[in-house]
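Working notes for the structure below.
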Amino acid sequence: MILTEIDHVAIAVHDLEEAIRYYQQAFGAEVHHREVVERDGVEEALIKVADSYIQLTTATRDDSPIAKFLETRGEGLHHIGYRVTDCKAALQAMVDAGARPIDEIPRPGSRGTTVAFIHPKGSHGTLIELVQE
Ligand code: CO
């Protein structure tokens, strides 16, 4: 088994501040990390749950994939991050199993991680992100 943890559950939201407030009020949650990832056109707030995260994500520009997602599908579950020890090897194993990679090679993610995204088509309808810390 090459997955070591559910790294994060990513939820697309229209208003990041409002979503953070909701998680604070409902769960007493605290934001562990916040980051704008310019290349992806997203701003995210990470709420730590044990050794995993809830990642509230919003768009920073109209042409980002998250903006498109919010426009067509509305708020909701966007992708699941699976933690692995070797992103490159995990990506290859998924491709060998028939997955459709979005990233042909691993690239930098938030929090200094190395990540690769896999298309939902070919992975039973789930956008998967492989995350190496
Ligand atoms: Co993610």
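What the table below lists for this structure:
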{"item": "Some residue of region 52-67 being closer than 15 Å to Ile11 by Cα, modelled with pLDDT under 95 and out of contact with any strand residue (DSSP E or B) (no Cβ under 7 Å at 6 or more places or on another chain)", "result": "yes"}
{"item": "Exclusive hit being surrounded by 15 or more Cβ atoms within 10 Å (Cβ to Cβ), on the phi < 0 side of the Ramachandran plot and either among the acidic types (Asp, Glu) or in contact with a Phe, Trp or Tyr (Cβ under 9 Å, 6 or more places away or on another chain) (or both), set Glu43, Glu17", "result": "Glu43"}
{"item": "Selection count where residues are open to solvent by 40 Å² or more (accessible area, probe 1.4 Å) and more than 14 Å from the ligand (Cβ to nearest atom), scope region 117-133", "result": "5"}
{"item": "Every pair of residues 6+ apart whose Cβ atoms lie under 7 Å, when the first sits in region 60-85 and is at negative phi and open to solvent by 100 Å² or more (accessible area, probe 1.4 Å) while the second is part of a loop (DSSP other than H, G, I, E, B) and not β-branched (Val, Ile, Thr)", "result": "Asp63/Gly41; Glu75/His14"}
{"item": "Residue in region 1-9 that is surrounded by 15 or more Cβ atoms within 10 Å (Cβ to Cβ) and farther than 19 Å from Ile118 by Cβ present", "result": "no"}
{"item": "Residues being open to solvent by less than 50 Å² (accessible area, probe 1.4 Å) and either touching a helix residue (DSSP H, G or I) at 6+ places or on another chain (Cβ under 6 Å) or free of Cβ contacts under 8 Å to residues at least 60 places away in the same chain (or both) - total across region 99-112", "result": "5"}
{"item": "Search result, residues across region 20-35 that are under 15 Å from the mean Cα position of the chain (by Cα) and open to solvent by 70 Å² or more (accessible area, probe 1.4 Å)", "result": "Arg34"}
{"item": "Within region 1-92, strands (runs of 3 or more DSSP E) holding 2 or more residues that are under 15 Å from Gln132 (Cα atoms)", "result": "3-12, 52-59, 76-84"}
{"item": "The lone exception for Ser52 - which of (1) touching a residue at least 24 places away in the same chain (Cβ under 8 Å); (2) farther than 14 Å from Arg111 by Cα it fails", "result": "(2)"}
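The values are calculated or read from the model by the stated rules, or taken from the named source; none is laboratory data. Source: prediction; values computed, not measured. Backbone-built Cβ (ideal geometry, glycine too); neighbour counts: all protein chains shown. Protein only, heavy atoms only, side chains kept; ligands, DNA and RNA dropped before computing areas. Shrake-Rupley method; radii C 1.70, N 1.55, O 1.52, S 1.80 Å.
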